[in-house]
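Note sheet for the following structure.
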Amino acid sequence: MNNDLFGFEINIWLDAAARMGLITGVMTVVVMGLIYIERKIIARFQMRLGPTRTGPMGLMQSLADALKLVGKEDLRPAGADPWVFELAVYFVFVPVFMMFVAIPFALNWEVRVLELGLFYVVAVSSINIVGLVMAGWASDNRYAMIGGLRAAAQAISYEIPLVLALLAVAMVAGSLNLTEIVAGQGRVPLIVWQPLAFAIFYIAMLAEMGRTPFDIAVGESETAGGPHIEYSGIRWSMFFLAEYAALFLLCLIASAVFLGGWAWPLGEDLGRGWQFALTAIKTGLLIFSVFWVRVTMPRLRIDQLMSFSWKVLLPLSFVQILVNGLVLVYDWPDLLLLATGGAGVVLLFVVIDRGVRRPRPRPAPLAAAESEAVA
């Protein structure tokens, strides 16, 4: 009996390893595809052509870039800490792929079914903050250090509202198991009952990935490229491989948690191919919206970025959790969730609109003249 149990455990681990290896291989191709698609989409928005020369319609451009980066010399500053400099890449790269363990792509198709899958994803995603700080500190470069500290401050600040948004959804769903959250949404996806939580999650997701308008950590005008400025070749590419893998992963989580994943709107009785198709369509639409935001929004200042998280998103997250708790404890109508969530979304966009339209304060003429005289 012990031998049978031992063999059963081996089969489970081999199956999990095979699925994880398949996901890692597929993700490498997906990331190359996302880079090409982003170039094409942004080119269309900016009335350009994008990649056209390498392969038909430029399809081989990402492969050519990958081969170029693999063949480039791996350089390291003379004053860099060798061990920390080398390990920083893995602290950024590995946690992203560990998050795929609990993500359901279709019914009964995930690496492992975890009862605390949503908690596991959030916990693992925070490890890459350590890698960014390590990369900035070990590079022996002041700009890299500033970029690493900014990236850490941004990630920590926006991790809190992101976690609270997912907590609000878990309260309504009654589970932290991602498969149960997807299956339990039925005919009405959770984005209907939690629109404010979705808006907070989406904004925090952009900040977690360092995407525009939250790419202050890699702003060339201030940090000259961010914490990975001293990296080259394959190590430099691994930072961006992790970024695009995180883009795909977080959009996949959003499609599962808020949009019903592979189940909504056609139910759980679909064939496996249709389930994968639904997941791909929802994830693809979210990824397209991220690219759209990149070409639409300007980069924020560091003070605007931090204030928006602590003064706007965090209070709204607490209000959402408070409302969810009151509705669940006192058994109030679910329409109250929709009403309060919709009001929160309107308030959020009013705050954003006023922040964008508000002109920057100009110095008074007298103060300006005095400053010039002193200079």
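The values are calculated or read from the model by the stated rules, or taken from the named source; none is laboratory data. What you see is a predicted model; the values in this text were computed from it and never measured. Virtual Cβ from ideal backbone geometry, glycine too; neighbours counted across all protein chains shown.
Per-structure values
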| item | result |
| --- | --- |
| Sole residue being modelled with pLDDT of 90 or more and in a helix (DSSP H, G or I), chosen from Leu278, Leu247, Leu286 | Leu286 |
| Residue list for region 221-268, filter: polar (S, T, N, Q) and surrounded by fewer than 24 Cβ atoms within 10 Å (Cβ to Cβ) | Ser221, Ser232, Ser237 |
| Subset of region 269-285 that is surrounded by 15 or more Cβ atoms within 10 Å (Cβ to Cβ) and touching a residue at least 60 places away in the same chain (Cβ under 8 Å) - its residue that is farthest from Leu247 (Cα to Cα) | Gln275 |
| Top-ranked residue in region 205-221 [being more than 12 Å from Leu305 (Cβ to Cβ) and assigned to a helix (DSSP H, G or I); ranked as modelled with the highest pLDDT] | Met205 |
| So Ala152, is it under 24 Å from Gly225 (Cα atoms), in the same structural domain as Ala280 (by TED's automatic domain parsing) and buried (at least 21 other Cβ atoms within 10 Å of the Cβ) | no |
| Residue count for region 182-213, restricted to those that are buried (at least 24 other Cβ atoms within 10 Å of the Cβ) and farther than 21 Å from Gly261 by Cβ | 1 |
| Residue list for region 58-95, filter: among the charged types (D, E, K, R), closer than 23 Å to Ala138 by Cβ and either more than 26 Å from the chain's Cα centre (by Cα) or not assigned by TED's automatic domain parsing to the domain that holds Asn141 (or both) | Lys72, Glu73, Asp74, Arg76, Asp81 |
| Test: Glu110 is of a type in the set (Asp, Glu) and within 18 Å of Ser255 (Cβ to Cβ) | yes |
| Condition met for Thr54 (in contact (Cβ under 8 Å) with a residue 60 or more places away in the chain and either surrounded by 14 or more Cβ atoms within 10 Å (Cβ to Cβ) or not assigned by TED's automatic domain parsing to the domain that holds Cys251 (or both)) | no |
| Evaluation of Leu300 against (1) within 21 Å of Phe201 (Cα to Cα); (2) in a helix (DSSP H, G or I); (3) not charged (D, E, K, R) (one fails), failing number | (2) |
| Residue check, Pro359 exposed (fewer than 15 other Cβ atoms within 10 Å of the Cβ) and either modelled with pLDDT under 85 or more than 23 Å from Leu166 (Cβ to Cβ) (or both) | yes |
| Candidate set from region 129-144 (those that are buried (at least 21 other Cβ atoms within 10 Å of the Cβ) and not aliphatic (A, V, I, L, M)); member that is farthest from Val84 (Cα to Cα) | Asn141 |
| Index of the failed condition, Ser175 passing every other in (1) touching a Ser or Thr at 6+ places or on another chain (Cβ under 9 Å); (2) not in a helix (DSSP H, G or I) | (1) |
| Subset of region 312-343 (residues that are of a type outside the set (A, V, I, L, M, F, W, C) and in contact (Cβ under 8 Å) with a residue 40 or more places away in the chain) | Ser317, Gln320, Asn324, Gly325, Asp334, Thr340, Gly341, Gly342 |
